[in-house]
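Undergrad: Handing you this structure, nothing more for now.
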Amino acid sequence: MKKDLTLLLFNIMGIDFGMDVEPVKAMGHVDALVDGKSGIIWFHEKINLPRPPVVYEFPRALRIETGKKRFYLIIDKPRDMPLVIPIKEIKPFPVLVEQFLHATPLWAVCPINGRILLLVDPLKMCR
Amino acid sequence: MRKTGKEPSKTQLILDTVRNQAEEARNPEIPDETVELVIFTIAHRYFAIKGRDVREILPFSPITEVPGSPRTIRGIINVRGDIESVINLHTLLEMDEVPVSPATRIILGRSGELLSGIQVEHVADVISIKKAVIKPVISTLPLAISNYAHGGEELYKGHYVIVLSVDKLFKTLSK
């Protein structure tokens, strides 16, 4: 069991998210994606953000590969540098919140620098 | 406060009375027993929760919204390294939202093992009263409030204070 997790950080609509970088094979401009390409998932399609309409300010496309699953995930405002966090810093969601998240890709939180990162499981994004 | 349009039916009132009587029979009041109450306001109306159901009162800190959770949950906060939920009492009690101010507080309530923040507009006082002073709530209260009420009385500076049950609030939010 690893002691650390390397996270790609991004922010959509003012909410900070973190995602394990391991299945992220590349990041590029959304414009570079071929029109009509299948296997493109916009982040907000899987995460029910609180205040629609969702506006992407600096969208980027992540190429995610794991096993037989391959897809592009569009996120917003990714940080340039990934962040390594010790596993022990990861906390489960509080009970009252966690009960509503079983069907979502959100799986835990990580408090960092006075903010709370919501951790996303990229593999659950393509369900 | 928004009108719910749902007044308790006669049968509901009778059932509530019967339940209250059964509750009182199970927990006979000791006349001199005192109870500590944390008094606070929501939409300029006075409420209280029992001191034993309060772990601490926190200054307001930014709440991280969690996509996918219902409107009755505002989000999560970091309490010295522990992540706690914050419930939205305004939505639960069907009352108008009031903007955050310097007086806004988060009461960390507990019910058994369950712990959660409750955002309130202003913590007015912590008082100690005889338990017997708290009466069943008035029948004209909207159902959205009486559902979570333990009792009420003019307890603070001539204001009618509704004593909420943290247990009932948290049970409603637990699936």
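Undergrad: Do any strands (runs of 3 or more DSSP E) entirely within the stretch B:29-88 hold 3 or more residues that are closer than 21 Å to A:Leu96 by Cα and modelled with pLDDT of 95 or more, and if so, which?
TA: Per the criteria, B:54-59, B:73-79, B:82-87.
Undergrad: Can you find, within the stretch B:161-175, the residue that is farthest from the chain's Cα centre (by Cα) among those that are of a type outside the set (A, V, I, L, M) and within 13 Å of chain A (Cβ to nearest Cβ)? Lay out the reasoning, then the answer.
TA: Here is the first cut: in the stretch B:161-175, the ones of a type outside the set (A, V, I, L, M) are B:165, B:167-168, B:170-172, B:174-175.
When the remaining residues are screened for being within 13 Å of chain A (Cβ to nearest Cβ), the result is B:170-172, B:174-175.
Working: B:Phe170: 10, B:Lys171: 12, B:Thr172: 12, B:Ser174: 16, B:Lys175: 19 Å.
If we take residues in the stretch B:161-175 being of a type outside the set (A, V, I, L, M) and within 13 Å of chain A (Cβ to nearest Cβ), then B:Lys175 is farthest from the chain's Cα centre (by Cα).
Undergrad: Pick from B:Glu154, B:Glu94: which is open to solvent by 60 Å² or more (accessible area, probe 1.4 Å) and outside any strand (DSSP E or B)?
TA: B:Glu94
Undergrad: Would you mind stating whether A:Arg70 is in a strand (DSSP E or B) and more than 18 Å from A:Phe10 (Cα to Cα)?
TA: yes
Undergrad: Looking at A:Leu49, A:Leu73, A:Leu62, which is the one that is within 14 Å of chain B (Cβ to nearest Cβ), of a type outside the set (Val, Ile, Thr) and surrounded by 15 or more Cβ atoms within 10 Å (Cβ to Cβ)?
TA: A:Leu49
Undergrad: Can you tell which of B:Leu173, B:Leu114 is open to solvent by less than 30 Å² (accessible area, probe 1.4 Å) and of a type in the set (A, V, I, L, M)?
TA: Details: B:Leu114 fails: open to solvent by less than 30 Å² (accessible area, probe 1.4 Å).
Matching residue, one of B:Leu173, B:Leu114: B:Leu173.
Undergrad: Filter the stretch B:151-175 down to residues that are without any contact (Cβ under 8 Å) to a residue 40 or more places away in the chain and more than 20 Å from B:Ile106 (Cα to Cα), then give me how many there are.
TA: Final tally of qualifying residues: 7.
Undergrad: Further, regarding this structure: Are any residues in the stretch B:70-96 over 24 Å from A:Asn113 (Cα atoms) and within 14 Å of another protein chain (Cβ to nearest Cβ), and if so, which ones?
TA: Selection gives B:Pro70, B:Arg71, B:Thr72, B:Asn88, B:Leu89, B:Thr91, B:Leu92.
Undergrad: Which condition breaks for B:Pro142 when tested against (1) out of contact with any strand residue (DSSP E or B) (no Cβ under 8 Å at 6 or more places or on another chain); (2) without any contact (Cβ under 8 Å) to a residue 12 or more places away in the chain?
TA: Single failed check for B:Pro142: (2).
Undergrad: Filter the stretch A:82-127 down to residues that are modelled with pLDDT of 90 or more and more than 12 Å from chain B (Cβ to nearest Cβ) and give me whichever is least open to solvent (accessible area, probe 1.4 Å).
TA: A:Ile85
Undergrad: Identify, by number, the condition in (1) among the aliphatic types (A, V, I, L, M); (2) farther than 30 Å from B:Gly112 by Cβ; (3) in a strand (DSSP E or B) that A:Val109 doesn't meet.
TA: Going through the list (1) among the aliphatic types (A, V, I, L, M); (2) farther than 30 Å from B:Gly112 by Cβ; (3) in a strand (DSSP E or B), A:Val109 breaks only (2).
The values are calculated or read from the model by the stated rules, or taken from the named source; none is laboratory data. Keep in mind that what you see is a predicted model, and the values were worked out from it rather than measured. Cβ coordinates were reconstructed from backbone atoms using ideal geometry, including for glycine residues, and neighbour counts include every protein chain displayed. To get the accessible areas, we keep the full protein, side chains included, count just its heavy atoms, and leave off ligands, DNA and RNA. Shrake-Rupley method; radii C 1.70, N 1.55, O 1.52, S 1.80 Å.
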